[in-house]
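Coordinate-derived values only; no laboratory data. This is a predicted model, so every value here is computed, not measured. Heads up, the Cβs are rebuilt from the backbone with ideal geometry, glycines too, and the neighbour counts pull from every protein chain shown.
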Amino acid sequence: MSADRLSTILSKPWRSWLVAAAIPSAALLELGAHVIQTCSVVGEADWKAAREYVAAQIRPDDLLTFAPRWADPLGRQYFGANLATIEREARADESAFPRAFEVSIHGGHDPSLVEWRRTDRRRFGGVLVTTLENPAPVRVLDDFVSMAASASRVHVSIVQGGAEVDCPFSRGAPGSGALGFGPAVAADRFACPGGNLVAPTVLADPDYYPARRCIYARPPGAGGTLRLRFLGVALGRSLRGHHALYAEAEQPAQGPPVTIAIGIEGSLVGQAVHRDGESWKEFEFDTSGYAGTHADVVVDIGAPSAERRMYCFEATSR
C-alpha cells in the first residue's frame, strides 16, 4: 500500500477524533468562563451597603471616585446623581478635594490618588471603600464653569472689526450633541451672532473617563474674538485652568491653534495656546498682585478659523 493511500485512510478518523474531542473541550472552557464571570460579579447588596456607608460619611467638598475606571457606570448606577455628581465625576483634576472616597472592585485603584494618605478602609462584600486625604488640598475661591451658568456673573460678546456685539442669555432647546456638531449644550446658554452658543457642558477626553466639565466657547474665526467677562471674581494667587477641543476635532490634527488670553483691570495676566492633539491641557497664570481682591476677569478666545474649533475651557481662582 502506498504512503499516500495510508495517509488518506488515517486522515478521516483522525479528523473525526479531533472534532469529537474539541466539542467537550470547548464546552468545558465555556463552563469555566461562566463560573468565573458569575463568581466575580459584585452583588447589588454589596453596592448598596457601600453606598449607605459613603452617603453617611461624605461631605460636599469630598471626592467620590470608582475604580477601576470601567466600573464607573456601575458606580453611578448604584450611588446615584446625588453622590456621583457632575462636579465629582467630570472634575478638571483632584487638587481641590481635601478628601476622597475610592469605591473599588476587583482590586482596582484610582491612579490619580496614589500619593494621597489612606485613613480608613471598609469592605462590603465585593466592594472596598477606601478613605484618603489629600496631602496638599488647594482652596478654590471662584469656579468659572459654575459662574457661566448664570447671566448675573458673566457677560458674553463677540468682538469683530472693532465692534463688540452682545450674546444675550436665553433659553432654547437643549442640544444633545452629535458627530460633527460638538458636545451637548444646556437649554440655558448665551446665544451669539452666527449661531455660536456659550454654556457649561461636559466634554469627552480621550485620556480620562467619563468626561470633563468645562465651558463650551467656540471662537468665531475670521479675526474675531469671543469675549467672556466674569464679574466680581474673588482672586487669589493664581488662575488655573484646562482647555481642550471636542474629541472629534482633536484628531487628526487639521485645524489652527486656539488662543485663550486672560486679563484683569485692562492688564493681560497670561495667555495659552491649544493645538490639535493636546487634549486636556493645563495652564496657570500668576495673579498674586490681585490676591484678596474682587475684580472682573476678561477671557478672550480666538482662532484664525472657526472650522472644527469646538473649544472648551475651565478655570478657577486660587
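Numerical summary
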quantity	calculated
R0 of 45 Å, Cβ-Cβ distance Leu74-Ala163: FRET efficiency to nearest 0.05	0.30
Alpha-carbon Rg with Dmax, taken over the chain, Å	26.8, 103
Bridge type composition, the range 44-133 - antiparallel percent by DSSP, nearest 5	70 percent
Square roots of 5 times each gyration tensor eigenvalue, C-alpha, the range 265-318, largest first, Å	25, 13, 9
Centre separation in Å (Cα based) which lies between the range 212-245 and the range 97-141	31 Å
Inter-probe distance in nm under a simple model that places probes 7 Å from Cα toward Cβ, at Ala247 and Ala173	2.5 nm
Nearest 10 degrees, 0 to 90: helix 3-40 Cα axis against the chain principal axis	50 degrees
Degrees, to the nearest 10: 44-57 long Cα axis against longest axis of the chain	30 degrees
Space enclosed by the convex hull of the alpha-carbon atoms of the range 44-133, per residue, Å³	88 Å³
Simple label model, 7 Å out from Cα along Cβ direction - Leu141 to Lys281, nm	2.7 nm
